[in-house]
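Since the structure comes first, as structure tokens, the remarks are kept for the end.
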Amino acid sequence: MVIVGDTLLDRDVDGAVNRVSPDAPVPVLAERSTSDRPGGAGLAALLAARRGEYVALVTGLAGDAGGARLSTLLSEAGVRIYPLPMTGSTPEKIRLSARGQVLLRLDRGDAEVDGEPTEAALMAIAEADAILVSDYGRGVARHPTLRAALAEATAPVVWDPHPRGPAPVRGVRLATPNEAEVRHLTGDQAGGNRVAAAARGGQELRGRWRTGAVAVTMGGDGALLCHGPTPLVVPTPGRVDGDTCGAGDRFATTAALALAGGALVSEAVQAAVREATAYVASGGVRAVLAPDELEVGAAGIGREAAGELVAAVRARGGRVVATGGCFDLLHAGHIATLEAARRLGDCLVVCLNSDSSVTGLKGPDRPMVRQEDRARLLAALSAVDAVVVFDESTPDAVLSWLRPDVWVKGGDYGSDGGLLPEADLVQRWGGECVIVPYLDGRSTTRMIAAARHLEGV
């Protein structure tokens, strides 16, 4: 699935209000937590990736801290980013809340697209199975080169419009404006029957844009589909209340994927209404993103946790990296190796020698730190996503199970030009072996020797 559109940085600041400011009659928010997430097209991409879809995102990213943050959040979720250069600062929406109630929203950022998409981005559009244009009125959907590529695309295109954005390109299978957007785009502010107004506006936009169909989303009342002389009302399975942030993105991505799977437009809209309703009922964007918290958290320890991680990364087309070792007395050299390894893919699994394995390799005085503690220390590092302990003298068995795309070793392995011991094994499933530099002078053996020398002194 390819998503084309504007990405924003959404920041939620939660706190408590216990007093009024002495300077002005306004509440004072005592901040307790702050969380970031992609907004706009970035949120649509993130939600699709969380469902296990392989997602590519063609979007503008500014070269500032906000753009770097967005890139990190999206990459960690497995989204493949095809960035367009931008001038200015990243658009941000900052919500200040207390007890679930938004007190204030602060918008800032003035970034504008200033460059051409890469050939790789255009190829992604041409080869897509499903395309969603998530327009947030900030310029990506207006880009002439992208519009030409979208008009020539063979995949079904769903266009989620914005009042400040351009009209969809020709050949769009389905446009998905909400009621407010329809009123703004048509200028129809007439009162009366809600369904009749949605049908009137949807039919007008369908004719104006020459799209295959227009689905007017109506919040808790479902959607109204204009795809012929008589509109189709698609109600929600039941009334739900909750945070609707991202519900439109869920609706549009579901419809695009259903169309790619061969569904009729009416079937796609019905599936989209069900999915959007379930999304709101489950707690909305915070509940959906809560399992991984959109932040680097504690890694999973054990085969089950590692297996789930690897399966999820592979399901979205990600690259699995693994490394191994004793990691007895964790030091700066270990950290450098782990950080370098993590940058080579979408997750890093550490294969950790057990206590008995370390003893067999290093002698009866090792390890200095037991395996449970070594695993917990590794799991606490931001570069590590999972830890698996193995008892054998070599990691061959666990590697055969994990089948990583990249096997990484740090230090002076291969300095004589030879292959890593695991090279033949890893190549069996098409993986590759990589050596990363090590920090000279850092080693567990030297640390132990220095400590024993001090004891002797």
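The values are calculated or read from the model by the stated rules, or taken from the named source; none is laboratory data. Note that this is a predicted model, so its numbers are computed, not measured. We place every Cβ from the backbone using ideal geometry, glycine too, and count neighbours over all the protein chains shown. Note: areas computed on protein heavy atoms with side chains; ligands, DNA, RNA excluded. Shrake-Rupley method; radii C 1.70, N 1.55, O 1.52, S 1.80 Å.
Restricting the range 58-76 to residues that are over 28 Å from G242 (Cα atoms), in contact with a Gly (Cβ under 7 Å, 6 or more places away or on another chain) and hydrophobic (A, V, I, L, M, F, W, C) leaves a set whose member that is least open to solvent (accessible area, probe 1.4 Å) is A62. Restricting attention to the range 357-393, the residues being farther than 28 Å from L344 by Cα and polar (S, T, N, Q) number 1.
Restricting attention to the range 61-93, the residues that are of a type in the set (K, R) and free of Cβ contacts under 8 Å to residues at least 40 places away in the same chain add up to 0.
For the range 77-131, filtered to residues that are of a type in the set (S, T, N, Q) and outside any strand (DSSP E or B), the residue that is least open to solvent (accessible area, probe 1.4 Å) is T90. For the range 342-362, the criterion of being touching a strand residue (DSSP E or B) at 6+ places or on another chain (Cβ under 6 Å), not in a strand (DSSP E or B) and not small (G, A, S) is met by at least one residue.
Looking only at the range 345-356, filter to residues that are open to solvent by 10 Å² or more (accessible area, probe 1.4 Å) and within 17 Å of the chain's Cα centre (by Cα); which one of those is nearest to A306 (Cα to Cα)? Looking at the filtered set, the residue picked out is D346.
The residues in the range 182-234 that are part of a loop (DSSP other than H, G, I, E, B) and surrounded by 15 or more Cβ atoms within 10 Å (Cβ to Cβ) can be counted, and the count is 7.
Within the option set V389, V408, being open to solvent by 20 Å² or more (accessible area, probe 1.4 Å), modelled with pLDDT of 90 or more and outside any loop (DSSP other than H, G, I, E, B) holds for one residue only, V389. Within the range 334-344, the set of residues being small (G, A, S) and open to solvent by less than 10 Å² (accessible area, probe 1.4 Å) comprises just one member, A341. For beta carbons closer than 8 Å, sequence separation of 6+ or different chains, a first residue in the range 4-27 that is open to solvent by 20 Å² or more (accessible area, probe 1.4 Å) and a second that is among the β-branched types (V, I, T) and assigned to a loop (DSSP other than H, G, I, E, B), the qualifying pairs are V20/V26. Put simply, of D328, D365 the only residue that is part of a loop (DSSP other than H, G, I, E, B), of a type in the set (D, E) and buried (at least 17 other Cβ atoms within 10 Å of the Cβ) is D328. When the residues of the range 147-181 are filtered to those that are part of a helix (DSSP H, G or I), open to solvent by less than 40 Å² (accessible area, probe 1.4 Å) and among the small types (G, A, S), the one that is nearest to V2 (Cα to Cα) is A149.
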